[in-house]
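Working notes, structure below.
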Amino acid sequence: MITVLPDGVTKYYETPKFDQDTLPIALQKEHKTKPGCWAKAIITDGSIDYVLEERPDEIFTVNAGQFVIIEPEVPHHVEVTGPVLFHLEFYKLQS
């Protein structure tokens, strides 16, 4: 798991905030970002578990005030274990 975005990327989209009731099912199932697209999950309240599909026994808990960088094309999913509030930012290399 990386914690720094690569140099030269810019934010192009930000989701609304999700909570434990509004988190899309698609994010709770295996999915991945597009080629050349990084995501940053920023936790405001509570926590999420970030799970890489290739290492399902290695769970990364991300707490309020923290974030996780999601690399392009890496299969993963999010698990919610209680009340949470977070959003996603999406980044790509500048053209």
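Annotations for the structure displayed:
- Single residue of the stretch 1-14 satisfying the filter (under 12 Å from the mean Cα position of the chain (by Cα) and closer than 18 Å to GLU71 by Cβ) that is surrounded by the fewest Cβ atoms within 10 Å (Cβ to Cβ): THR3
- The stretch 56-95: number of residues that are surrounded by 13 or more Cβ atoms within 10 Å (Cβ to Cβ) and of a type outside the set (A, V, I, L, M): 15
- Test: residue in the stretch 44-55 that is surrounded by fewer than 17 Cβ atoms within 10 Å (Cβ to Cβ), at pLDDT below 95 and touching a Ser or Thr at 6+ places or on another chain (Cβ under 6 Å): no
- Per-region count, the stretch 1-47, residues closer than 11 Å to PHE86 by Cα and either in a loop (DSSP other than H, G, I, E, B) or not charged (D, E, K, R) (or both): 13
- Residue count for the stretch 62-95, restricted to those that are acidic (Asp, Glu) and closer than 17 Å to GLN20 by Cβ: 1
- In the stretch 21-34 there is at least one residue matching the filter, namely being within 24 Å of LEU93 (Cα to Cα), in contact (Cβ under 8 Å) with a residue 24 or more places away in the chain and either in contact with a Cys (Cβ under 8 Å, 6 or more places away or on another chain) or among the basic types (Lys, Arg) (or both).
- Remark: LYS40 matches the filter, which requires a residue to be free of Cβ contacts under 8 Å to residues at least 60 places away in the same chain, under 12 Å from PRO72 (Cα atoms) and of a type outside the set (A, V, I, L, M, F, W, C).
- The stretch 48-95, residues that are assigned to a loop (DSSP other than H, G, I, E, B), of a type in the set (A, V, I, L, M) and more than 12 Å from the chain's Cα centre (by Cα): ALA64
The values are calculated or read from the model by the stated rules, or taken from the named source; none is laboratory data. If you're wondering where the values come from, they're calculated on a predicted model, not measured in any experiment. Note: ideal-geometry Cβ built from the backbone for every residue, glycine included; neighbour counts use all protein chains shown.
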